[in-house]
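Reviewing the structure listed below.
The values are calculated or read from the model by the stated rules, or taken from the named source; none is laboratory data. Here the structure is a predicted model, which is why all the values come from computation and not from measurement. Neighbour counts run over all protein chains shown; Cβ positions are idealised from the backbone, glycine included.
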Amino acid sequence: MPDRLPPLTALRAFEAAARHMSFAKAAEELHVTPAALSFQIKNLEEHLGQPVFHRLTRAVELTEAGRALAPGTSEAFNRLESAWSATRRLQDTRALSVTAGPAFTAKILAPRLYDFARAHPEIELRFAASLRTMDFDRDEIDVAVRYGDGPDTGLYSRTLLNDAVMPMMRPDLAERYTSPKCLIRAPLIYGDPLPLLHANANWRHWFHANGIEHDPTLAAQFSQPDHALDATLAGDGVVLGRSALASRYLASGQLVAPFKVALKVPTRFRFLCVEGNEKRPQIAAFEEWLFSEIGKLPDGTIGKTQVPIEDLL
């Protein structure tokens, strides 16, 4: 049996018909007539030497050969379309698609994006705030700011921000809760969308790091850390907050972190793109700007004793 592939148009016709299980719908998608599509599938069957569809009165069904061919054909066209899209994006020096988590977007990026737009009016910035790990090719993403500990295999990766968690509160509450032990009676707040990553960076372990055995009941728990910070800014309680996200509030004095101990977490924010793409003009410009902005952030952990959470287990 010859191994020569049938024409690409015949494979494309088959893939569409197998996906829709309809010659008419496949023809509509490919902008050809049903007769032309049927001819292409007949051409494929002649190359294969056996039918790939059972033609029924008002429907079609895949034969055993068709069922064997369909998954690989579909995957091949998906990969071809992704490669084509990625290659076309290399020619576009204006558009830049960035994704980051909602908390990082709200507390770090959003207040500063106007400065980037003003400095680079030639770049059209498109932003997606999502916790979903997007695929660079499938989702047409140029840059991702992701939180975790990797690995980032096959990607260009730079650490943007390390992280630690520690109690934070408004200055007026700090006058009331003057020591770690005082927090036993404080309304405690917690917010984390990644409980599996931060399962041990919790209030109980923070108390333990201070020599206090206490398993507190939370006054409020949020699924997003930026919402927990907002509640703390409103005076609702004391949050075990992430230093990276709260840096501007600590710098401005809206929040204070009066206690010495912070829990060091292994997770960090990373700047990611497909390896090699960091040299594209718009990605290089965004990377330079973002790292410059991050470099201006005050380090909320200065003067703190950072206790690795693994030491508390």
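Of the residues 61, 75, which is touching a strand residue (DSSP E or B) at 6+ places or on another chain (Cβ under 6 Å) and modelled with pLDDT of 90 or more?
Residue meeting the stated conditions: 61.
Only one of (1) outside any helix (DSSP H, G or I); (2) outside the structural domain of residue 155 (by TED's automatic domain parsing); (3) within 20 Å of residue 130 (Cβ to Cβ); (4) of a type outside the set (A, V, I, L, M) is not met by residue 227, so which one is it?
Condition (1) is where residue 227 drops out.
Tell me yes or no: at least one residue of the stretch 11-18 is out of contact with any Pro (no Cβ under 9 Å at 6 or more places or on another chain), at negative phi and surrounded by fewer than 17 Cβ atoms within 10 Å (Cβ to Cβ).
No, there is no match, as no residue in the stretch 11-18 is out of contact with any Pro (no Cβ under 9 Å at 6 or more places or on another chain), at negative phi and surrounded by fewer than 17 Cβ atoms within 10 Å (Cβ to Cβ).
Please work out which one of (1) touching a Pro at 6+ places or on another chain (Cβ under 7 Å); (2) at negative phi is the condition residue 237 fails and give its number.
(2)
Say we look at the stretch 88-113 and pick out the residues that are of a type in the set (Ser, Thr, Tyr) and within 22 Å of the chain's Cα centre (by Cα); which of these is surrounded by the most Cβ atoms within 10 Å (Cβ to Cβ)?
Top of the filtered list is 99.
Restricting attention to the stretch 286-313, which residues are in contact with a helix residue (DSSP H, G or I) (Cβ under 8 Å, 6 or more places away or on another chain) and part of a strand (DSSP E or B)?
Correct list: 307 only.
Looking only at helices (runs of 4 or more DSSP H) that lie completely in the stretch 1-104, which have at least 2 residues being without any contact (Cβ under 8 Å) to a residue 60 or more places away in the chain, hydrophobic (A, V, I, L, M, F, W, C) and out of contact with any helix residue (DSSP H, G or I) (no Cβ under 6 Å at 6 or more places or on another chain)?
By residue number, 34-48, 64-90.
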